[in-house]
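Peer 1: This is the structure I have questions about; it appears just below.
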Amino acid sequence: MNIQTLRAVGFLEGMSFLLLLFIAMPMKYLMDNPILVKYVGMGHGVLFIVFLVVLFVVCEKQKWALKVFILGLMAAVLPFGPFVFDRKLKHLEQAPTEA
């Protein structure tokens with residue numbers, strides 16, 4: 001696994017989180033239609049776990065500091081966090097010796 005894989009999974013995880021927060025949850029509570037939460041929530045959960053596993057593997061492979069893993073972990077639980085973390089990954093990808 002490489003940084004590109006991490007960035008792709010991070011993008012998918014971030015999009016699924018936003019879809020869950022801004023589409024599925026309002027449909028559940030405002031329109032009493034929980035069907036999207038069931039499927040989007042499951043997909044987001046799987047992508048969240050995959051993101052953390054890929055993050056761990058890439059951090060180990062690139063020999064990044066623990067700080068990068070913790071930043072990625074925090075980014076995964078915040079709305080828009082994966083997109084902010086992606087900017088950090090772009091920087092690390094261009095200068096891999098700085099981490």
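The values are calculated or read from the model by the stated rules, or taken from the named source; none is laboratory data. Quick caveat: nothing in here was measured; it's all calculated off a predicted structure. All Cβ positions, even for glycine, are placed from backbone atoms using ideal geometry, and neighbour counts span all protein chains on display.
Peer 1: Given the structure, is L47 surrounded by 16 or more Cβ atoms within 10 Å (Cβ to Cβ), at pLDDT below 95, assigned to a helix (DSSP H, G or I) and at negative phi?
Peer 2: Spelling it out, it is not the case that L47 is surrounded by 16 or more Cβ atoms within 10 Å (Cβ to Cβ), at pLDDT below 95, assigned to a helix (DSSP H, G or I) and at negative phi.
Peer 1: Is it the case that the range 9-22 has a residue that's within 18 Å of D86 (Cα to Cα), in contact with a Pro (Cβ under 6 Å, 6 or more places away or on another chain) and not small (G, A, S)?
Peer 2: Yes, the conditions are met somewhere in the range 9-22.
Peer 1: Something else about it: Kindly provide the set of residues from the range 44-74 that are in contact (Cβ under 8 Å) with a residue 24 or more places away in the chain and of a type in the set (K, R), ordered by number.
Peer 2: Once the filter is applied, which keeps residues that are in contact (Cβ under 8 Å) with a residue 24 or more places away in the chain and of a type in the set (K, R), the range 44-74 yields K61, K63.
Peer 1: Which of the residues belonging to the range 59-85 are in contact with a Phe, Trp or Tyr (Cβ under 8 Å, 6 or more places away or on another chain), under 30 Å from M25 (Cβ atoms), surrounded by 17 or more Cβ atoms within 10 Å (Cβ to Cβ) and not small (G, A, S)?
Peer 2: The answer is L71, P82.
Peer 1: Would you check if L66 is out of contact with any Lys or Arg (no Cβ under 9 Å at 6 or more places or on another chain) and modelled with pLDDT of 95 or more?
Peer 2: Here the answer is no, as L66 does not meet what is asked.
Peer 1: Follow-up question, since we're still on this one. Search the range 1-51 for residues being charged (D, E, K, R) and more than 9 Å from the chain's Cα centre (by Cα), and hand back the single one that is farthest from G72 (Cα to Cα).
Peer 2: Top of the filtered list is D32.
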